[in-house]
Structure formats: structure tokens, C-alpha cells
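Undergrad: Next up is a structure, given as C-alpha cells.
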Amino acid sequence: MTMPATDLATTVLARCDELAGLTEEPGRLTRRYATPALRAAGDAVGGWMREAGMTVRRDAVGNVIGRREGGPRTLLLGSHLDTVVDAGRYDGALGVLVALAAVERAADLPYAVEVYGFADEEGVRFGTAYLGSGAVVGAPLPLERVDADGVRLADVLRTDPVDARRDPAGLIGYVEVHIEQGPALEEAGAPLGVVTAIAGQTRSTVAFHGRAGHAGTVPMDLRHDALAGAAEWVGTVEAAGAEEAGLLATVGELTVEPGASNVIPGRVNASLDVRHAEDRARRAANERLRARAEEIADARGLRLQWQTVLDTVAVACDPTLSDLLARAAGPDVPRLASGAGHDAVMMSRIAPAAMLFVRCAGGISHHPAESVAHDDVAAAIDATTRFLEEVR
Ligand code: HGY
Ligand code: MN
Ligand code: MN
């Protein structure tokens, strides 16, 4: 007897709550790559996969993979188990758990299904996204990148990441369920949406090197204040996004060194995240912001260091799988683009990829107020189950 989607939705939401307790920071949810919190989350999800009758393995970079046999070809499902800092509890985790619930609920399928809990999509610890799904598709990993404590990614990996690579032979496709992280479905009054494309993104690290000095003795006209220069540049980042339709530009990280109230800042490290549905527009905007940083540095006698740490092109979702998802989700299901990045960007390199969005309250995400409605989760489980039973 097929389990009711509403019962499974209750289980999925309870499991999201349980995973939210697996955090590096008591009192808020932060679960970065290769931390004990992430390992514990993978253990919990692996246990639920076993309870659902799946065989479970962990690959060379820490992704957790549950497999249900069924036939010579394989459909991949999944999302990520890592989070941003002070995160919401549904970004990533909901997609893994809805996929698991649908696999558990689906009747016998003529193909095998694997559900991936990716170990790093956000890229918070090493500054570059998609380490988990990137390893699965054979993307080169930035092994020399270091985290805030100076630990190299290479030193965190216990085995060769090449062992995580998945042979694409026999893959039917990859489907990811994820909260929308935007307001469109709520505005449309729709619980679910089918994703048409995923925007590309460019992430960079930007360092302004000035000269530290005594705040009480160095005259203003003799200063090379790294923070004053960085602040002038950050204003141009916001202005660029405001002036160009469809462009999103964000400085999310900024550290000041040496970081004392009576010392003129000698160095500032910033991040830059640039997104646009069109790759050409994104790259042109990124180059303009780099040129602006160089102009400001020159004018202030600062030295600029700029490193691109991620550059992913916009990805169109597979039309055949998307149409199947739309049929399963209901006749009027909206179709929408994703400004957020997802593991589907990487997985599209080895299999046709499609995504199902779930409405989230106020479009809020990357924030503890992130939330979903029980009935929308049930609708997502129902649609994903129907999709599984339609796929051939
Ligand atoms: O940043 C993103 O777009 C996603 O949440 N990793
Ligand atoms: Mn996210
Ligand atoms: Mn996500």
C-alpha cells in the first residue's frame, strides 16, 4: 500500500528539524564541508536511506549515496547536505529527503535509483562551490585552496577525489528537488515550479593591500587605507547591480587586517559574487568591477590581488525530463529560471538534468527564517513519486 504523501511530508519536515540540530555553531545552523557536523548529517541521512531499503555508500569526497536496484539504467536524484552560515534548514536537505521519500513511496521501478546527499555545494569552507557534485562529474578540485584556519582542501581529503567520479554510462538523468529561494511561486500561488535554466555565477576573492599605521599620527593625505579603498569599491558593486537589469552583484565577505580601532587598515579581503542569466552579461559586469577595483587601488596607492575561484555557465534544464516533471506536478505548474546555483549545474555535465522547485515563504533563504508549508512538501513528494513512475 502506497504511503500517503502527507504522512511522508511530516517525516521529511521532522528530519529537516533533526538535521538542523547537526551544526558547528550551537544556536544557529552552520554545516560546512568535511566537518563533524556534516559527517553526522551524512550518517543520519544514510541511516534513513537504509531504513528505506537502500544500500548506502560514502564516496571519496564524502557524498552519501543511497541506491535502490531496479534495472540496468539508473536515475540520479539528490541535493546537498552542507549549508551556508546561519542557514535555513531546507536549502539542500529538503531536496535530499523529498527524493528519499518519493523513492520509498514509488511502486516497483524498471530502473535503479540513486539519491545523492552532496557534501559541499555552498562552498563556504573553501570559497568555491560544488566540491561534492564536481567530484562526481570529474571536475578538477581546487586542492590548494585553504580554509580560514589555513587547512588545505588536499589535506582534508582522505582519498583521491578521482575515486568519486561517476561513470555516466546508463544514466537516465539527474533530478533535483529544491526550495525556490525566491518569491515567484508564492506570487503565483503555486506550491511547485519546474526550472527552465540555472543562472551562471562568477565568484572571486579580492584583496586590497594598503599600509597599516597609527590612527593618531598618520595625516589623512598620506594614508593608504585598505578599508577606505575597499569601501569605495563595494559601493560600485551595489551600483552595478542597481543599474543593469538582471545583474546581481554581492560582496558577502569582508575581513579587515590587522583589525584594531587605532590602526589604519593595512589589508582587506573581500568576496565578489556576480550572477546573470546571460553568460556574456555576467562576465562583462565582472570585468567592469575588476577594472573599477584596479582604478580605485591605483588612485589610493593600494595593491590589488584578484582571483577567480568559480565560474560556471548558465545551464538549461533538459526539456524531456522537465516536461515529465511538469506532467507529474500538474497541468498549470509554473516554469521559472533559477538565480541560485544548484548541484544540477554540475550533474548536467554527465546526464540530462531537471529541477523541481518548492515554494518557500517570502522567498526567504540563506536565513534561519527559511520555511516551507507541509502541504507543499506533500505535493513535492507526490509529484516526484509520479515522476519516478512515469520515467522510462
Ligand atoms: O549560492 C547559491 O546560489 C547556492 O545557494 N549555492
Ligand atoms: Mn544555498
Ligand atoms: Mn541549495
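The values are calculated or read from the model by the stated rules, or taken from the named source; none is laboratory data. Given the structure is predicted, the values throughout are model-derived calculations rather than measurements. In this analysis, Cβ positions are derived from the backbone assuming ideal geometry, glycine residues included, and neighbour counts consider all displayed protein chains. To get the accessible areas, we keep the full protein, side chains included, count just its heavy atoms, and leave off ligands, DNA and RNA. Shrake-Rupley method; radii C 1.70, N 1.55, O 1.52, S 1.80 Å.
Undergrad: Which of the trypsin sites (Lys or Arg not before Pro) across segment 157-212 are loop residues per DSSP, with 12 or fewer other Cβ within 10 Å?
TA: Numbers: sites: Arg158, Arg165, Arg166, Arg203, Arg211; in loops: Arg158, Arg165, Arg166, Arg211.
Loop-located and lightly packed - Arg158.
Undergrad: Once you have a ≥ b ≥ c as the square roots of the Cα gyration tensor eigenvalues for segment 200-312, tell me rounded if a/c is under 1.5, and otherwise prolate or oblate according to whether a/b is larger than b/c.
TA: Working: a/c = 2.64, a/b = 2.29, b/c = 1.15.
Prolate shape, in that a/c is at least 1.5 and a/b is the bigger ratio.
Undergrad: Here's something else I'd like to know. How large is log10 of I(q)/I(0) for segment 349-392 at q = 0.19, 0.26, 0.30 Å⁻¹ when the intensity is taken from the Debye formula with one equal scatterer per alpha-carbon?
TA: Computed log10 I(q)/I(0) values: -0.73, -0.94, -1.05.
Undergrad: Quick check: pseudo-label points 7 Å beyond the Cα along Cα→Cβ at Leu222 and Glu389, how many nm apart are they?
TA: In this crude label model, Leu222 to Glu389 measures out at 8.0 nm.
Undergrad: Among Ile296, Ile364, Val377, whose Cα lies farthest out toward the positive end of the dipole of the chain, if unit charges sit on the beta carbon of Lys, Arg (+1) and Asp, Glu (-1)?
TA: Towards the positive end, the residue furthest out is Ile296.
Undergrad: Over segment 1-133, calculate the relative contact order: mean separation of alpha carbon pairs under 8 Å at least 6 apart, over the residue count, as a percent. Could you put the intermediate results ahead of the total?
TA: On the way: 256 pairs, mean separation 37.7, N = 133.
Rounded, it is 28 percent for segment 1-133.
Undergrad: Given axes a ≥ b ≥ c from the Cα gyration tensor, I'd like to know whether segment 234-372 is rounded (a/c under 1.5), prolate (a/b larger than b/c) or oblate.
TA: Details: a/c = 2.75, a/b = 2.08, b/c = 1.32.
Cα axes put segment 234-372 in the prolate bin.
Undergrad: How much net charge surrounds Glu244 when only the other residues with a Cβ under 14 Å from the Cβ of Glu244 are counted, with Lys and Arg +1 and Asp and Glu -1? Intermediate values should be presented prior to the final figure.
TA: Details: positive: Arg275, Arg280, Arg282, Arg283, Arg288, Arg292; negative: Glu238, Glu243, Glu278, Glu287.
For residues surrounding Glu244, the net value is +2.
Undergrad: With an 8 Å cut-off on Cα pairs and a minimum separation of 6 or more residues, tell me the relative contact order of segment 200-312 in percent. Display every interim value, and only then the final one.
TA: Values: 228 pairs, mean separation 51.2, N = 113.
In percent, rounded to a whole number, it is 45.
Undergrad: Let me ask something additional. Between segment 162-184 and segment 277-350, how many Å separate their Cα centres?
TA: Value for the Cα centre distance between the two parts: 17 Å.
Undergrad: Quick one: Karplus J couplings for segment 321-332, per residue in order, coefficients 6.51, -1.76, 1.60, θ = phi - 60°, nearest Hz, x for Gly and Pro?
TA: For segment 321-332, the Karplus curve yields 5, 5, 5, 5, 4, 5, 4, 6, 8, x, x, 9 Hz.
Undergrad: Same structure again: Between Val146 and Ala239, how many nm apart are label points set 7 Å from Cα along the C-beta direction?
TA: Result for the modelled spin labels: 3.5 nm.
Undergrad: Is the shape of segment 113-206 best called rounded, prolate or oblate, per the rule: a/c under 1.5 gives rounded, else a/b larger than b/c gives prolate, else oblate, with a ≥ b ≥ c the square roots of the Cα gyration tensor eigenvalues? Present the calculation step by step, with values, prior to reporting the outcome.
TA: Values: a/c = 2.67, a/b = 1.43, b/c = 1.87.
Verdict is oblate for segment 113-206.
Undergrad: Follow-up question, since we're still on this one. Report P(r) for the chain: all Cα-Cα distances, bin width 20 Å, range 0 to the bin holding the largest distance, values in whole percent.
TA: Spelled out bin by bin, the chain gives 28, 54, 16, 2 percent.
Undergrad: Angle between the Cα long axis of helix 36-51 and the longest principal axis of the chain, 0 to 90 degrees, nearest 10?
TA: 10 degrees
Undergrad: In deg cm²/dmol and to the nearest 500, what is the mean residue ellipticity at 222 nm of the chain if only DSSP H runs of at least 4 residues count, each as -39500 (n - 2.57), divided by the residue total?
TA: On the way: 11 runs with 133 residues, N = 392.
Theoretical 222 nm ellipticity from helices: -10500 deg cm²/dmol.
Undergrad: To continue, here is another question. With every protein chain present, what is the per residue accessible area of the chain (1.4 Å probe, Å²)?
TA: Values: 16400 Å² over 392 residues.
Per residue, the chain has an accessible area of 42 Å².
Undergrad: Magnitude of the Cβ-charge dipole of segment 1-43, K/R +1 and D/E -1, about the Cα centre, nearest 20 debye?
TA: 180 debye
Undergrad: Put a dot 7 Å past each Cα toward the Cβ at Glu253 and Ala14; how far apart are the dots in nm?
TA: Modelled inter-label distance: 3.8 nm.
Undergrad: Oh, and also: For segment 152-245, what is the Kirkwood estimate of the hydrodynamic radius, computed as the reciprocal of the mean inverse distance between distinct Cα atoms, to one decimal in Å?
TA: 20.1 Å
Undergrad: Quick one: helix 93-105 against the long Cα principal axis of the chain, what's the angle to the nearest 10°, folded into 0 to 90?
TA: Approximately 10 degrees, to the nearest ten.
Undergrad: If you line up the long axis of helix 5-20 against the longest principal axis of the chain, both from Cα atoms, how many degrees apart are they, to the nearest 10?
TA: The answer is roughly 30 degrees.
Undergrad: Name the residue, out of Met346, Met54, Met220, whose mean-square fluctuation peaks in a Gaussian network model built on the chain with Cα pairs under 10 Å.
TA: Met220
Undergrad: From Cα pairs below 8 angstrom and at least 6 apart in sequence, can you work out the relative contact order of the chain, rounded to a whole percent? Can you show the working numbers first?
TA: Values: 908 pairs, mean separation 89.0, N = 392.
Computed value for the chain: 23 percent relative contact order.
Undergrad: If you place +1 on the Cβ of every Lys and Arg and -1 on the Cβ of every Asp and Glu, how big does the dipole about the Cα centre of the chain come out, in debye to the nearest 20?
TA: 760 debye
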